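A quick write-up on the structure given underneath.
The values are calculated or read from the model by the stated rules, or taken from the named source; none is laboratory data. In this text the structure is predicted, and so the values were computed from the model without any measurement. Here the Cβ is made from the backbone with ideal geometry for all residues, glycine too, and neighbour counts use every protein chain on show. Side chains are part of the model used for accessible areas, which takes the heavy atoms of the whole protein and leaves out ligands, DNA and RNA. Shrake-Rupley method; radii C 1.70, N 1.55, O 1.52, S 1.80 Å.
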Amino acid sequence: MKFSALILVLILTMGVIAQSGRVVRTSANEGDGRTVKELFDEANTYRKLKFEEFEKKKLRVSKSLLEQTEREQKQLAAKLAAQAASRTELSADDIYYLALLHWIAENLDGTSETLQKYLSHAERTPKRAQTARSLLVVTSAKQKKFDEAAATLAEYQKSEPSEPSERLRMSSELAKAFLAAKQPAKAAPHAAEAFAISRTLVTDPSFRTVGLDLVFDNALVLFDAHRLSGEIALADSALEELRKTMGSLGNSVFYSYAADKLITYRIETGRKPLALETYLSMLIAASKELPLEGQRTDAIQRLRKREKHYRLIGEPAPEFLTVDKWFPGSSVKMSDLKGKVVLIDFWATWCGPCFDAFPSLIEWHQDLREKGLEIVGFTRYYGRGEGRPVNEVEEIAFLERFKTKYKLPYDFVVAKDQSTQMLYGATALPTAVLVDRKGMIRYIEAGTSSSRLVEMREMILKLLAEK
């Protein structure tokens, strides 16, 4: 389950639990004797109870363990939904909680069908009817049933009560669905509403833990909607608003990200002089817009680390310096690689985050090489291998074994010193540089994360499509 989907489930279940102060006894005439609400409660609290169990056992919640727990929760919800659906004479409350079980199980067809049954039931309540409509909008959006989503949204808008969290959920999901359907102009108004609502909700203490992520996520969706529609000024404005919002909230990480995104976007859209002016103005703005000295210092340092990259992006890729070995292929110049999209991966064997990128690099080499992608793994002599000091001949032998062990299919380049790293601003590892078919640097980023790898892949595909 993606992080945005997890937030969606959290908001949903918080709202469901808080909707009524009275205890509703729903049908329990079949199965194990529990009400449908009690079945829902079991599925809904599964993650929470498992995490409490992990904490007691002092287990680290790895990505695989998290995915396994989410998979188990969905399987449990599907089983309990089937149990509930087999009962006869379901009440309105039973139908409502059955729909929520289908929702946790990510059974969109079941969710949609059961929500519609609830909305047609004579004993539905206004508040739960609104929640049902909001979920039906989200479900329809996920299924790309935009006409149905629009009709249900209209019903929601003319009914009461109207909850900001539900409006946020609907707007956000519609915006993302329209973007996925390559309809950015239709995504923009929904993204704008989601961004506006999330900025209001972030001041609510109950949303504070996820509020910053919601603001950040919805702002970037709005930016993408305008960017893909060719609305450059509006795309700029979305990033400006994100930066100012994060400044007022005192988040230096998101603040500097928004500033960085604006600078690189202006370079990408042929406005490099303005981008460099923006970089300088952001240093001044950070000293005024962030409330605490530590936040100001952090944001300014993050931006200053990128100055070299800003100046390189949009310029011809420099030739490699002090190259000693290039294997298994033959040494070539960057100018010889024109006509291909080149990914230069600055890395080292001792760099943990560098390992995280290996699966993606292998996949891209296998899938995209025939389309014109050339990957180069650039490292240098460090004088160590396998935990001991080594000379250059021994280090090359170690790198060859390393390449075989991790099944890295692309060429390695080994330099004598840091000259090329300094030339490309690759002082932090890993650093990825993308060079287009014309030999121009189009992308430079340091670090590895799932979102960064997605961003890199999108940029690679974009550059491959350019002729």
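Looking at the range 305-374, I'd like the Rg to Rh ratio, where Rg is from alpha-carbon atoms and Rh is Kirkwood's inverse mean 1/r.
0.97
Going through the range 369-467, which GluC sites (Glu not before Pro) have at most 14 other Cβ atoms within 10 Å and a DSSP loop state?
Loop-located and lightly packed - 386, 466.
What FRET efficiency comes out for residue 55 versus residue 369 if R0 is 60 angstrom and r is the Cβ-Cβ distance? Round to the nearest 0.05.
Efficiency, from the Cβ-Cβ distance: 0.85.
What lysines sit close enough to residue 371 to cross-link, taking a C-alpha to C-alpha distance under 17 Å and skipping anything fewer than 8 places away on the same chain?
338, 340, 438, 462, 467
Any idea how far the Cα center of the range 112-143 sits from the one of the range 333-395, in Å?
About 52 Å separates the Cα centre of the range 112-143 from the one of the range 333-395.
So for the pair residue 147, residue 356, with labels modelled 7 Å out along Cα→Cβ, what separation do we get in nm?
Going from the residue 147 label point to the residue 356 one covers 4.5 nm.
What whole-number distance in Å separates the alpha-carbon centres of the range 185-239 and the range 30-102?
The distance from the Cα centre of the range 185-239 to that of the range 30-102 comes to 32 Å.
What is the sum of charges around residue 298, taking Lys and Arg as +1, Asp and Glu as -1, for the other residues whose C-beta is under 12 Å from the C-beta of residue 298?
+3
Please find the FRET efficiency linking residue 183 to residue 422, where r is the Cβ-Cβ separation and R0 is fixed at 51 Å, and quote it to the nearest 0.05.
About 0.70, to the nearest 0.05.
Determine the shape class of the range 399-463: with a ≥ b ≥ c the square roots of the Cα gyration tensor eigenvalues, call it rounded for a/c under 1.5, and otherwise prolate if a/b is greater than b/c, oblate otherwise.
Verdict is oblate for the range 399-463.
Residues in the range 170-200, backbone N under 18 Å from the label point at residue 155 (7 Å along the Cα-to-beta-carbon vector): list them, ranges by number please.
In the range 170-200, the label zone of residue 155 (backbone N under 18 Å from the point 7 Å along Cα→Cβ) covers 170-171, 174.
What helices does the chain hold that run 20 Å or longer along their axis, going by alpha-carbon atoms, with a Kyte-Doolittle average of 0.0 or more, using DSSP H for the helix calls?
3-17, 184-201, 208-228, 232-249, 252-268, 272-289, 450-465
At 1.4 Å probe size, with the rest of the protein present, what percent of the exposed accessible area of the chain is carbon and sulfur atoms?
Summing carbon and sulfur atoms, their accessible area is 53 percent of the total for the chain.
Which peptide among 357-367, 130-140 comes first, and what is the full order, when sorted by highest mean count of other Cβ atoms within 10 Å?
Listed from highest to lowest mean packing, they are 130-140, 357-367.
Given contacts defined as C-alpha pairs under 8 Å and at least six residues apart, what's the relative contact order of the chain, whole-number percent?
Worked out over the chain, it gives 9 percent.
Between residue 277 and residue 462, what length in nm is gained on full extension when 0.36 nm per residue of separation is reduced by their alpha carbon distance?
Contour length minus the Cα-Cα distance gives 63.9 nm.
First measure r as the distance between the Cβ atoms of residue 79 and residue 269, then evaluate 1/(1 + (r/R0)^6) with R0 = 35 Å and state the FRET efficiency to the nearest 0.05.
0.10
Would you indicate which of (1) 182; (2) 150; (3) 275 is the value of volume of the Cα convex hull per residue in Å³ derived from the coordinates of this structure?
Of the labelled values, this structure produces (1).
Please list, ordered by chain and number, the residues whose modelled amide H lies under 5 Å from the amide H of residue 348; skip anything fewer than 5 residues away on the same chain.
For residue 348, whose amide H was placed from the backbone, there are no distant partners under 5 Å.
Where does the charge balance sit around residue 282 when Lys and Arg score +1, Asp and Glu -1, over other residues with C-beta under 14 Å from its C-beta?
Residues close to residue 282 contribute a combined charge of +3.
In the structure shown, do any of 261/405; 142/272; 142/186; 56/142; 50/117 have a Cα-Cα gap over 27 Å, and if so which?
Checking Cα-Cα distances, 261/405; 142/272; 56/142; 50/117 exceed 27 Å.
Calculate one ³J(HN,Hα) per residue across the range 158-163 by plugging θ = phi - 60° into the Karplus curve 6.51 cos²θ - 1.76 cosθ + 1.60, and present them in order as whole Hz with x for glycine and proline.
9, 10, 10, x, 10, 9
Calculate the spin-label point distance for residue 292 paired with residue 68, positioning each point 7 Å from the Cα along the beta-carbon direction, and give it in nanometres.
3.7 nm
List the residues whose amide H sits under 5 Å from the amide H of residue 443, counting only those 5 or more places along or on another chain, with H placed 1.01 Å from N in the peptide plane.
The list, which skips near neighbours in sequence, is 434.
List the residues whose amide H sits under 5 Å from the amide H of residue 384, counting only those 5 or more places along or on another chain, with H placed 1.01 Å from N in the peptide plane.
The list, which skips near neighbours in sequence, is 390.
So how much slack lies between residue 122 and residue 327, counting 0.36 nm per residue of separation and subtracting their Cα-Cα distance, in nm?
66.5 nm
For the range 93-243, taking Cα atoms only, what is the radius of gyration to one decimal and the Dmax to the nearest whole Å?
16.0, 50
Quick one: of the DSSP bridges fully inside the chain, what percent are antiparallel, nearest 5?
Bridges in the chain that DSSP calls antiparallel: roughly 60 percent.
How much net charge surrounds residue 216 when only other residues with a Cβ under 12 Å from its Cβ are counted (Lys, Arg +1; Asp, Glu -1)?
Combined, the nearby Lys, Arg, Asp and Glu give 0.
Return the distance in nm (one decimal) between the two label points of a simple spin-label model at residue 449 and residue 315, each offset 7 Å from Cα along Cα→Cβ.
Rounded to a tenth, the inter-label distance reads 2.7 nm.
Can you give the accessible area per residue of the chain, in Å², using a 1.4 Å probe?
48 Å²
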